[in-house]
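Report on the structure given below.
The values are calculated or read from the model by the stated rules, or taken from the named source; none is laboratory data. On a predicted model such as this, the values are computed, not experimentally measured, just so you know. All Cβ positions, glycine included, derive from the backbone under ideal geometry; neighbour counts span all protein chains shown.
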Amino acid sequence: MFSNLTILFPLAVALFALLWCCRWAALHKRAVPRLRPSPEDAGEDGAAPAVREPFPSREAARFSRLDWLLMGGLTLLYAVIAFLGLGDNTAPQTFLHFETGNTYAQIELNEPQAVTKLRYYCGLNTVDYRLQFSLDGETWTDQIQADNTSGMTQLYTQLFRWNDAVLNEDNGPVRYIRIISGGEEYLGEVAVYGQDGCILEPDQLTVSKGCEALVDEQDTVPEAYSFKNGTYFDEIYFPRTALEMIQNIWPYEITHPPLGKAIISLGIRLFGMTPFGWRFTGTLSGVLMLPLLYLLLKRMFGYTSVAAAGSTVFAFDFMHFVQTRLATIDSYAVFFLLLMYLFMYMWLTEPPDRPRRRLLWLALSGVSFGLGAASKWVCIYAGAGLGLLWLVYWAVRFVREKKAARNAFLLNVGWCLVFFVLIPCCIYYVSYWSYGPSQGAGGWDRLFKKEYLQMVIDNQVYMWNYHSDLVATHPYSSMWYQWIFDVRPILYYLATTPSGYTISFGAFNNPLVAWGGIGAMAGMGWLAFRDRDERAVFILIGYLANLLPWVLVTRLTFAYHYFPCTVFLVLAISYLFADLRRRDVRWQAALGSFTGVTVALFVIFYPVLAGIPRSAQYSKIFLKWFVDTWPF
């Protein structure tokens, strides 16, 4: 179901994006006019140039007090929005450890009564329990599901979240509850609900000796499960693995390199194994992306207004907001991707009279590449883009300088072999540090043990086979061409409140960023091939390096795989901002309208980005842009 009003929203946004890009295309054919100067165009003496230079001078790229204020203010504002409602900072932290199967914990109620619900919080390991009720402590009744399987399961999808056991309908009064383990497993907390439907207080029940951990954190029991008090989507893999790394247990999730999960573990060490704890570092990386992007935009275009507008557009892109609030490793991959391209651009544009600084930027780009590759393999795609930019730079330099560039090239090759090959390989190898003890490679000398080396090699083979042989289906999967047009979000969470409101959210781009970015990226292609514009080449190569590999992938893919490309969409949009800034006497309206509509769309879609309850009527009027593919 949808309303006629709903149709107007995508049409209006698509038309706005088209007209905005067409305005840039029309203005780009004109010569740069003499416009009224503004403070950000002025030099150190306050005198503005009669005609603005197409490339920023060193002075224009420097940060002013206004830059620091705008960058800091935007980062702070976004941090407040991003951390607001991120997740509970409380959850069971003590667990009853069943070391073997057929051991049990027993709970005795202070008086016989019907048990209407039993809620429990699962820890590590995936083995089902046997749940039994008894009135006299001698005759026991198994609680089973309709298919005669256990009524109290601990599946991999149930870990570190609250679950309700399946109870028989004809139990009658109960005095004793017995939970029998099926193997080694951890159980965090158990809440028993009496005949009135209310949770029994700790003084209304007694647990067997040594099992006190089951009822020592009853204040953490929620009224209902939600994404705020437990894991959801791929969080069933990564926070669990981060905890296993802390405890030197061989991790469950080994289909990606370890560094991203090690970073997640930092938040767990700080805030405990809680939803806020396992999401903290990912959200922080999303916050820190903003000053990095601001710095890159300022360096690329020299305009404070463009850096502020572009950073705002990225801050309020849906993908950036949702994906960095989910405890997966994509946040860190994109963070390091942004770093590696920032430093590469610094190397490409640093004046030749600063050779040491140029080498520093190149080295930092290589180190960032190593950190990214150790977080997720998609950064290797991004690294291929860096390599192509490097080759283009030297090809142009050879054309200009011929033989004079030969010695510099050979020295630079050696530098790159160290910082883009040797050091990234070392970073990648060391990232397995926490895996070592579980494979017999502990101690400070673990890096030099053959068990450690074999473990790393075996995991690369496993990851390659897993991703190349994966055959699976998912109701919210999508292909690369759907990402470009924003037509198939991935739904991460869906629930309904008792009052009938819907809570759901998923990952997709802000429509204006996606559709406006298409036009902007087409403009980059035009400028790159017609004018050989260096910044357009930089943006286009970065975008294609992160998109084209997915064109060849036949396995299951999702909209969040487009997240790295979002960085370059914003760079392309910001290029148009800068060009309009130089060429259009009404540039303030051009920048302000695009940025304002981006923020307005974020506000409209905020309920399906942050999981705010909404009515069916709200979705029908404002959110259901594509009836068949947008699940909101």
- Message: Which numbered condition in (1) closer than 28 Å to LEU348 by Cα; (2) surrounded by 17 or more Cβ atoms within 10 Å (Cβ to Cβ) is the only one that ARG532 fails?
- Response: (2)
- Message: Quick test of your reading of the structure: ARG356 fulfils all but one of (1) assigned to a helix (DSSP H, G or I); (2) more than 27 Å from ALA578 (Cβ to Cβ); (3) in contact (Cβ under 8 Å) with a residue 40 or more places away in the chain. Name the failing condition by number.
- Response: (3)
- Message: Among (1) surrounded by fewer than 24 Cβ atoms within 10 Å (Cβ to Cβ); (2) more than 18 Å from the chain's Cα centre (by Cα); (3) more than 15 Å from TYR481 (Cα to Cα), there is one condition PHE538 misses while meeting the rest; what is its number?
- Response: (1)
- Task: For TYR481, work out the one condition from (1) of a type in the set (Phe, Trp, Tyr); (2) touching a Ser or Thr at 6+ places or on another chain (Cβ under 8 Å); (3) assigned to a helix (DSSP H, G or I) it doesn't fulfil.
- Result: (2)
- Item | Complete set of residues in the range 233-283 that are hydrophobic (A, V, I, L, M, F, W, C), under 15 Å from ASN125 (Cα atoms) and not in a helix (DSSP H, G or I) | ILE249, TRP250
- Task: Using the structure shown, decide if ALA333 is surrounded by 24 or more Cβ atoms within 10 Å (Cβ to Cβ) and either assigned by TED's automatic domain parsing to the domain that holds TRP464 or under 22 Å from PRO257 (Cβ atoms) (or both).
- Result: yes
- In this structure, does TYR393 turn out to be within 26 Å of ASP317 (Cβ to Cβ) and part of a helix (DSSP H, G or I)? no
- Task: Report, by residue number, each residue of the range 212-232 that is outside any loop (DSSP other than H, G, I, E, B) and not β-branched (Val, Ile, Thr).
- Result: GLU212, ALA213, LEU214, GLN218, ASP219
- Residues that are within 22 Å of PHE16 (Cα to Cα) and touching a Phe, Trp or Tyr at 6+ places or on another chain (Cβ under 9 Å): find the helices (runs of 4 or more DSSP H) completely inside the range 484-590 holding 1 or more of those. 511-526, 563-583
- Any residue at all in the range 195-213 that is within 19 Å of SER150 (Cα to Cα) and in contact with an Asp or Glu (Cβ under 7 Å, 6 or more places away or on another chain)? no
- Within the range 62-88, which residues are over 19 Å from the mean Cα position of the chain (by Cα), at pLDDT below 95 and within 30 Å of ILE612 (Cβ to Cβ)? none
- Residues satisfying the stated conditions in the range 183-211, i.e. of a type in the set (A, V, I, L, M, F, W, C), at pLDDT below 95 and either within 33 Å of the chain's Cα centre (by Cα) or in a loop (DSSP other than H, G, I, E, B) (or both): CYS198, LEU200, CYS211
- Note on PRO631: of the conditions (1) without any contact (Cβ under 8 Å) to a residue 40 or more places away in the chain; (2) in a loop (DSSP other than H, G, I, E, B), unmet is (1)
- If you go through the range 438-447 one residue at a time, do you hit one that is of a type in the set (Asp, Glu) and either part of a helix (DSSP H, G or I) or crowded, with 18+ Cβ neighbours inside 10 Å (or both)? no
- Query: Restricting the search to the range 275-322, which residues are surrounded by fewer than 24 Cβ atoms within 10 Å (Cβ to Cβ) and in contact with an Asp or Glu (Cβ under 6 Å, 6 or more places away or on another chain)?
  - Reply: THR304
- Out of PRO239, PRO251, sole residue that is closer than 20 Å to GLY442 by Cβ and either crowded, with 18+ Cβ neighbours inside 10 Å or at pLDDT 95 or above (or both): PRO251
